[in-house]
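**Student:** My questions all concern the structure below.
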Amino acid sequence: MAASSSHSHLLDVPYLARLARITLTLEESELFSKQLDRVLEHVALINKIDLTGIEPMAHAISVFDVVRDDQPQPSLPKKEALANAPHQASGLFIVPKVLE
Amino acid sequence: MTSYLSITEARRLLVTKKISPLELLTELEQRISTINPKIKAYLSWDHQQARLDAEKADLTKPLGGIPIGIKDAILVQGAPAYSSSRILEGYHAPYDATVIKNLRAAGAYPLGRLNMDEFAMGSSTETSAFHPTYNPWDVSRIPGGSSGGSAAAVAAGIAMATLGSDTGGSIRQPAAFCGCVGMKPTYGRVSRYGLIAFASSLDQIGPLTHTVEDSALLLNAISGVDSHDSTSLLLPKEDFTSEIGQDLKGVRIGIPKEYFVEGIEPGVRTRVEEAIKQMISLGAEPIEISLPHTEYAVSVYYIIVTAEASSNLARYDGVRYGKRSAQTKDLLSLYEQTREEGFGAEVKRRIILGTYVLTSGYYDAYYLRAQKVRRLIRQDFEEAFKKVDLIVSATSPETAFRCGEKINDPLKMYLADIFTIAANLAGICGMSLPCGFASKEGKDLPVGLQLIGPSFGEKMLFRVGHAYQQATEWHTQHPSML
């Protein structure tokens with residue numbers, strides 16, 4: 001049911017959820033599909049405008065790379081940087097085994 | 001009696017030794033413990049740390065001895081910072097945000113963590129993973145959002161002033177709904193270092209206060225260039241209070257016809273029109289203007305904001321900080337389950353929409369087009385500010401809505417941001433201040449007047465806002481049921 005009805009939506013929510021690394025429940029997928037279809041129908045309004053020759057604007061101000069002098073500066077001590085980790089040992093962040 | 005004290009009044013009491021910083025804090029904390037359970041503006045506060053800060057307050061500094069409530073998205077060293085999300089539960093900030101450092105340098109200190117919509121995604125504070133916040137004027141209604149805790153705390157007199165953040169109206173709209181002053185500075189005016197990122201090209205931290213004067217004082221303290229934020233701008237140090245006290249003679253106020261259309265609650269419209277008349281009677285000159293791309297602003301905003309959010313929130317992966325799911329088999333399921341369990345529905349919806357608009361094949365149709373329309377929206381304002389000094393409108397087309405009224409209809413929630421989001425897209429400054437009350441369903445609810453200024457036009461907003469507050473008493477009214 002969920003698989004077949006997802007084809008009628010503008011967005012393929014299960015696919016996008018995989019890209020975004022979120023396991024969604026079937027109920028969430030169905031609900032978000034309906035809700036986001038409505039949002040997408042609304043935002044399609046911007047297709048009405050002729051945008052020939054208009055430069056895209058990524059930022060409200062002109063942003064340039066700002067680099068500081070290449071001198072070592074004090075940074076967060078390792079212990080504090082690791083303090084919020086859900087799992088850490090020997091000064092490292094621990095994750096499940098990646099390679100068998 | 002220290003309820004509803006403004007910063008300016010509190011400073012007078014402190015400097016003349018009528019009250020000590022510790023007495024001021026103690027009275028405020030007593031009020032918090034009585035009133036906060038009714039409106040739930042604060043998520044938490046640290047008595048001991050606040051006491052230490054109050055005891056060592058330096059009254060010679062401009063904000064010496066003043067406690068400031070902090071939105072949960074802004075880092076305070078050693079304090080929890082969850083951005084009202086489960087995924088950051090347990091996180092304690094390892095450093096102070098630059099605005100906090102700046103507040104401390106001015107003599108103020110942070111007090112408490114204020115509730116918000118999860119990662120600032122929402123207009124009602126109902127998407128907080130912990131609990132909603134209630135409007136002090138009617139606790140069956142929302143306080144607005146996303147800085148709902150910051151606005152409700154000021155309105156209820158359980159904070160003298162607070163900091164919020166504004167990505168699409170998240171300071172101004174809750175200020176309007178709660179009847180206080182909320183200001184979004186020009187993009188780049190205030191460092192974003194230590195603000196938990198939502199949409200980095202739009203986010204800006206700003207003050208929520210009782211008075212316009214307090215707002216200028218707080219902006220004095222928090223603004224300035226910062227080597228930790230490459231988008232913070234190197235500008236000459238200014239005193240934002242310097243034009244406060246000047247009258248409105250010759251000030252040209254723009255009235256955009258696109259902001260006075262169908263769909264505005266009649267009570268809101270009437271109050272805003274009265275406020276404009278008041279400004280004219282004080283010497284301001286009204287000029288009708290047009291911002292022709294207004295109807296596209298919501299669409300542009302929800303494409304750009306979700307795109308940036310989907311990228312910013314990729315960092316919550318259960319590895320370096322915050323929550324990690326217990327249901328993990330391998331690295332992929334660790335990411336996927338952590339994010340499924342840690343994010344609420346609105347955050348997931350926005351990440352998915354943002355992922356979609358950035359997907360190759362749709363990028364040009366949505367994200368790139370939206371960036372082009374964003375330029376047109378900015379150009380609308382540039383044209384308008386050739387003719388006027390500031391623009392006046394309602395902050396929101398409505399007054400505070402009922403809890404639960406819109407939470408299941410995201411599009412309806414988004415459309416109500418129509419008057420605030422253009423200022424973020426254009427990067428210009430804006431402020432909401434109380435301009436009276438409108439009756440809705442038998443309740444008198446605060447109405448917000450929005451002043452929009454050009455880039456770096458904050459002084460004009462403070463001048464006009466202050467003159468308006470000198471001539472009116474709306475900002476001196478407080479909720480009665482508390």
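**Student:** Residues of B:180-187, mean number of Cβ from any other protein chain within 10 Å of their own Cβ, rounded to a whole number?
**Tutor:** Per residue, the number of nearby Cβ atoms from other chains is 1 on average.
**Student:** Let me ask another. Set the Förster distance to 41 Å, then compute FRET efficiency between B:Glu473 and A:Ser62 from the Cβ-Cβ distance, nearest 0.05.
**Tutor:** Calculated transfer efficiency: 0.45.
**Student:** Sort B:218-230, B:303-315, A:81-93 by packing, meaning the average of other beta carbons within 10 Å per residue, with the highest value first.
**Tutor:** My ranking of the peptides, most packed first, is B:303-315, B:218-230, A:81-93.
**Student:** In whole Å, how far is the Cα centre of the stretch B:431-472 from that of the stretch B:78-150?
**Tutor:** Between the Cα centres of the stretch B:431-472 and the stretch B:78-150 lies a distance of 23 Å.
**Student:** Quick one: with all protein chains in place, what share of the accessible area of the protein assembly as shown is carbon or sulfur, to the nearest percent (1.4 Å probe)?
**Tutor:** Its accessible area is 52 percent carbon and sulfur atoms.
**Student:** For the pair A:Lys79 and B:Gln379, what calculated FRET efficiency results from E = 1/(1 + (r/R0)^6), where r is the Cβ-Cβ distance and R0 = 51 Å, to the nearest 0.05?
**Tutor:** My answer for the efficiency is 0.50.
**Student:** Using a 1.4 angstrom probe, figure out how much accessible area chain B has per residue, in square angstrom, rounded to the nearest whole.
**Tutor:** Ligands and nucleic acids excluded, the figure is 33 Å² per residue.
**Student:** How big a patch of accessible area, both sides summed and in Å² to the nearest 100, lies buried between B and A at a 1.4 Å probe?
**Tutor:** Chain pair B/A: roughly 5300 Å² of buried accessible area.
**Student:** Work out Dmax and Rg for the stretch B:372-465 from the C-alpha atoms and quote the Rg first, both in angstrom.
**Tutor:** 15.2, 44
**Student:** Roughly speaking, what is the centre-to-centre gap between the stretch A:2-61 and the stretch B:239-301 when only Cα atoms are used, to the nearest Å?
**Tutor:** The stretch A:2-61 and the stretch B:239-301 have Cα centres separated by 34 Å.
**Student:** Under Stokes-Einstein, with the Kirkwood radius over Cα pairs standing in for Rh, what whole-number D in µm²/s applies to the stretch A:2-48 at 20 °C and 1.002 mPa s?
**Tutor:** In µm²/s, the coefficient is 191.
**Student:** Then there's this: What lysines could a cross-link reach from B:Lys329, if we take a straight Cα to Cα line under 24 Å and drop same-chain neighbours fewer than 8 places away?
**Tutor:** Here the lysines satisfying the reach criterion relative to B:Lys329 are A:Lys97, B:Lys348.
**Student:** Charges on Cβ only, +1 for Lys and Arg, -1 for Asp and Glu, centred on the Cα centroid of the protein assembly as shown; of B:Ser124, B:Ala108, B:Leu449, which one is farthest towards the dipole's positive end?
**Tutor:** After comparing all options, I get B:Ala108.
**Student:** Moving to a separate point now. Counting Lys and Arg as +1 and Asp and Glu as -1, each charge on the Cβ, what is the dipole of chain B about the Cα centre in debye, to the nearest 20?
**Tutor:** Charge dipole of chain B: 440 debye, to the nearest 20.
**Student:** Take the Cα gyration tensor of the stretch B:287-432, multiply each eigenvalue by 5, square-root it, and list the three semi-axes largest first, rounded to whole angstrom.
**Tutor:** Ellipsoid semi-axes (Å, largest first): 35, 19, 13.
**Student:** Give me a single rounded figure for B:86-95: the average over its residues of other chain Cβ atoms within 10 Å of their Cβ.
**Tutor:** The mean count of partner-chain Cβ atoms within 10 Å per residue comes to 2.
**Student:** Another question, then. Within the stretch B:365-463, count lysine pairs with alpha carbon atoms under 28 angstrom apart where the residues are 8 or more positions apart or belong to different chains.
**Tutor:** The number of close lysine pairs in the stretch B:365-463 is 9.
**Student:** May I ask you to find the residues of the stretch A:59-76 that are shielded by at least 30 Å² of accessible area once the whole protein assembly is considered instead of their isolated chain (probe 1.4 Å)?
**Tutor:** A:His59, A:Ala60, A:Ile61, A:Val66, A:Leu76
**Student:** While we're here: Give the span of chain B's Cα atoms along each principal axis, as three whole-Å numbers ordered largest to smallest.
**Tutor:** Here the Cα extents, ordered largest to smallest, are 68, 54, 49 Å.
**Student:** Still on this structure, I have one more. Which one, A:Ala44, A:Thr23, A:Leu10, is farthest towards the positive end of the dipole of the stretch A:2-48 when Lys and Arg carry +1 and Asp and Glu -1 on their Cβ?
**Tutor:** So the residue we want is A:Ala44.
**Student:** Another question about this same structure. Just by accessible area at a 1.4 angstrom probe, what is the order of A:Leu10, B:Leu25 from largest to smallest?
**Tutor:** Per-residue accessible area, sorted high to low, gives A:Leu10, B:Leu25.
**Student:** Give the average, rounded to an integer, of partner chain Cβ atoms located within 10 angstrom of each Cβ in A:8-18.
**Tutor:** Counting other chains' Cβ atoms within 10 Å and averaging over A:8-18 gives 4.
**Student:** How much length is gained if the chain between B:Glu238 and B:Ser281 is pulled fully straight, taking 0.36 nm per residue apart and subtracting their Cα-Cα distance, in nm to one decimal?
**Tutor:** 12.5 nm is the gain from fully extending B:Glu238 to B:Ser281.
**Student:** Under a point-charge model restricted to the Cβ atoms of Lys and Arg (+1) and Asp and Glu (-1), what is the dipole moment magnitude of the protein assembly as shown relative to its Cα centre, in debye to the nearest 20?
**Tutor:** That gives the protein assembly as shown a dipole magnitude of about 680 debye.
**Student:** Next question, about the same structure. Name the residues of the stretch B:298-341 whose accessible area falls by at least 50 Å² when all protein chains are present instead of the chain alone, probe 1.4 Å?
**Tutor:** Flagged in the stretch B:298-341: B:Ser299, B:Val319, B:Arg320, B:Arg324, B:Leu331, B:Glu336, B:Glu340.
**Student:** Still on this structure, please answer the following. Radius of gyration and Dmax for the protein assembly as shown's Cα atoms, expressed in Å?
**Tutor:** In Å, with Rg to one decimal and Dmax whole: 23.1, 78.
**Student:** How charged is the neighbourhood of B:Asn115? Take every other residue with its Cβ under 12 Å from the Cβ of B:Asn115, and add Lys/Arg as +1 and Asp/Glu as -1.
**Tutor:** Net charge in that neighbourhood comes out at -1.
**Student:** Counting just the Cα atoms, what span does the stretch B:190-315 cover along each of its three principal axes? Round to the nearest Å and put the largest first.
**Tutor:** Computed over the stretch B:190-315, the largest-to-smallest principal extents equal 51, 37, 24 Å.
**Student:** Consider all pairwise Cα distances in the stretch B:29-116 and report the whole-number % of them above 23 Å.
**Tutor:** Tail of P(r) above 23 Å: 23 percent of Cα pairs.
**Student:** Divide by every residue of the protein assembly as shown the summed helix terms, -39500 (n - 2.57) for each DSSP H run of at least 4, and state the resulting mean residue ellipticity at 222 nm, rounded to the nearest 500 deg cm²/dmol.
**Tutor:** Theoretical 222 nm ellipticity from helices: -11000 deg cm²/dmol.
**Student:** In addition: Find the accessible area per residue for the stretch A:2-48; the probe is 1.4 Å, ligands and nucleic acids are left out, and the unit is Å².
**Tutor:** 53 Å²
The values are calculated or read from the model by the stated rules, or taken from the named source; none is laboratory data. The structure presented is a predicted model; accordingly, all values stated were derived computationally and were not measured. Cβ coordinates were reconstructed from backbone atoms using ideal geometry, including for glycine residues, and neighbour counts include every protein chain displayed. Remember, those area values only see protein heavy atoms, side chains included, never the ligands or the DNA or RNA. Shrake-Rupley method; radii C 1.70, N 1.55, O 1.52, S 1.80 Å.
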